[in-house]
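Working notes, structure below.
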Amino acid sequence: MTPLIIAIDGPSGAGKSTLGRRLARELGLLYVDTGAMYRAAALAVVGAGVNAVDADEVARVATRARIELAGDPDSLRVLLDGRDVSAEIRTEQITRLSSVISTIPAVRRDLVRRQREMGEAGRGVVLDGRDIGTVVFPQADVKFFLTAVPEERAKRRFDEDHAREPDLTFQDTLADINTRDERDSTRADSPLRIAEDAVVIDTTELSVEQVFARMLEVVRDRQVT
Ligand code: DC
């Protein structure tokens with residue numbers, strides 16, 4: 001049987017990882033947070049002391065980095081060269097740098113190859129990212145595009161990040177979200193865009209429960225046909 005592939009794309013703070021984890025748990029599938037892979041690659045670049053504008057060096061470091069996603073969807077751990085970096089990859093610096101290095105085609109090529117291998121290995125997978133339904137798995141069984149207005153996405157991100165980084169202001173988070181959206185959507189290689197056959201859900205006014213119910217309904221409909 002070919003594995004079931006569920007793609008979830010969308011901008012930062014739209015709810016992709018919360019919903020991706022829940023779907024994976026509910027359906028007994030693997031969960032792959034592809035953003036965490038770009039973040040781990042960014043951390044490797046910092047660790048190697050490489051300048052982010054040197055695309056060749058960044059690509060060399062990123063392609064050599066051993067990146068593993070371990071554990072179940074609810075307690076996913078990210079390992080870089082065997083070291084648990086789950087917390088380190090969530091800092092502001094790495095958030096920004098991951099968006100920057102993700103514009104480099106050689107970095108994308110390498111991570112996309114790894115994501116395809118992960119997706120094809122098991123009995124099914126939920127992947128969340130920016131280019132899953134358009135580039136990584138254009139033949140995915142189900143594609144979702146989650147979105148929400150920037151202020152709401154910034155509010156969610158701020159609520160999460162503020163405890164960890166008390167100096168952070170809401171305006172910083174909103175500005176960061178806008179800059180990242182712009183970069184992720186306008187880069188030449190695999191920009192964030194809605195796949196033609198994606199189910200688009202605007203989560204601005206919806207609870208996690210409501211979005212989850214809608215997604216599950218879509219998946220169940222597809223599985224029957
Ligand atoms: O989803 P996230 O915020 O953890 O992702 C971090 C960055 O990685 C994001 O700004 C863009 C990049 N990314 C990407 O280019 N393609 C993906 N499939 C996932 C993330």
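If you check Glu160 against the conditions, is it closer than 24 Å to Arg39 by Cα, open to solvent by 90 Å² or more (accessible area, probe 1.4 Å) and touching a residue at least 60 places away in the same chain (Cβ under 8 Å)?
Working: closer than 24 Å to Arg39 by Cα: yes; open to solvent by 90 Å² or more (accessible area, probe 1.4 Å): yes; touching a residue at least 60 places away in the same chain (Cβ under 8 Å): no.
No, not satisfied.
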Q: Pick out the one residue from Asp74, Asp128 that is crowded, with 21+ Cβ neighbours inside 10 Å and either acidic (Asp, Glu) or at pLDDT below 95 (or both).
A: Asp128
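Within segment 180-197, can one find any residue that is of a type in the set (D, E, K, R), open to solvent by 30 Å² or more (accessible area, probe 1.4 Å), more than 26 Å from Pro105 (Cβ to Cβ) and not in a helix (DSSP H, G or I)? Even if it seems obvious, please write down each step before you answer.
In the first step, residues of segment 180-197 are kept if they are of a type in the set (D, E, K, R); the result is 180-184, 187, 189, 193, 196-197.
Narrowing the set further to residues that are open to solvent by 30 Å² or more (accessible area, probe 1.4 Å) leaves 182-183, 189, 193, 196-197.
If we keep only those that are more than 26 Å from Pro105 (Cβ to Cβ) too, we end up with none.
The answer is no; no qualifying residue exists.
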Q.
Let me spell it out: the conditions are (1) away from the ligand (no atom under 13 Å from the Cβ); (2) in a helix (DSSP H, G or I); (3) out of contact with any Ser or Thr (no Cβ under 6 Å at 6 or more places or on another chain); (4) in contact (Cβ under 8 Å) with a residue 24 or more places away in the chain, and Leu168 meets all of them except one. Which number is the exception?
A. (2)
Q) Does at least one position in segment 181-188 carry a residue that is of a type in the set (A, V, I, L, M) and either under 22 Å from Arg21 (Cα atoms) or in contact with a His (Cβ under 9 Å, 6 or more places away or on another chain) (or both)? A) no
Q: Please identify the pairs in which a residue from segment 22-36 that is more than 13 Å from Ile89 (Cβ to Cβ) has its Cβ atom under 9 Å from the Cβ atom of a residue that is hydroxyl-bearing (Ser, Thr, Tyr), counting only partners at least 6 apart or on another chain.
A: Leu23/Tyr31; Ala24/Tyr31; Arg25/Tyr31; Tyr31/Ser17
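Starting from residues that are hydroxyl-bearing (Ser, Thr, Tyr) and within 21 Å of Gly13 (Cβ to Cβ), keep the ones in segment 26-71 and report whichever is surrounded by the fewest Cβ atoms within 10 Å (Cβ to Cβ). Please lay out each step first, then the result.
Filtering segment 26-71 for residues hydroxyl-bearing (Ser, Thr, Tyr) gives 31, 34, 38, 63.
Then drop every residue that is not within 21 Å of Gly13 (Cβ to Cβ), which leaves 31, 34, 38.
Values: Tyr31: 23, Thr34: 26, Tyr38: 25.
Result: Tyr31.
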Q: Please work out which residue is surrounded by the most Cβ atoms within 10 Å (Cβ to Cβ), limiting yourself to segment 1-21 and to residues that are in contact (Cβ under 8 Å) with a residue 60 or more places away in the chain and of a type in the set (Ser, Thr, Tyr).
A: Ser12
**Q.** Selection from segment 78-102 of residues that are closer than 20 Å to Asp161 by Cα and more than 15 Å from the ligand (Cβ to nearest atom)
**A.** Asp84
Q: Filter segment 107-157 down to residues that are away from the ligand (no atom under 11 Å from the Cβ) and in a helix (DSSP H, G or I), then give me how many there are.
A: 16
Q) Got a number for residues in segment 200-224 being assigned to a strand (DSSP E or B) and crowded, with 16+ Cβ neighbours inside 10 Å? A) 1
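The values are calculated or read from the model by the stated rules, or taken from the named source; none is laboratory data. Predicted model, so just to flag it, every value in this text is computed and none were measured. So basically every Cβ, Gly included, is an ideal-geometry build from the backbone, and we count neighbours across all protein chains shown. Ligands, DNA and RNA are excluded from the accessible area calculation, which covers all protein heavy atoms including side chains. Shrake-Rupley method; radii C 1.70, N 1.55, O 1.52, S 1.80 Å.
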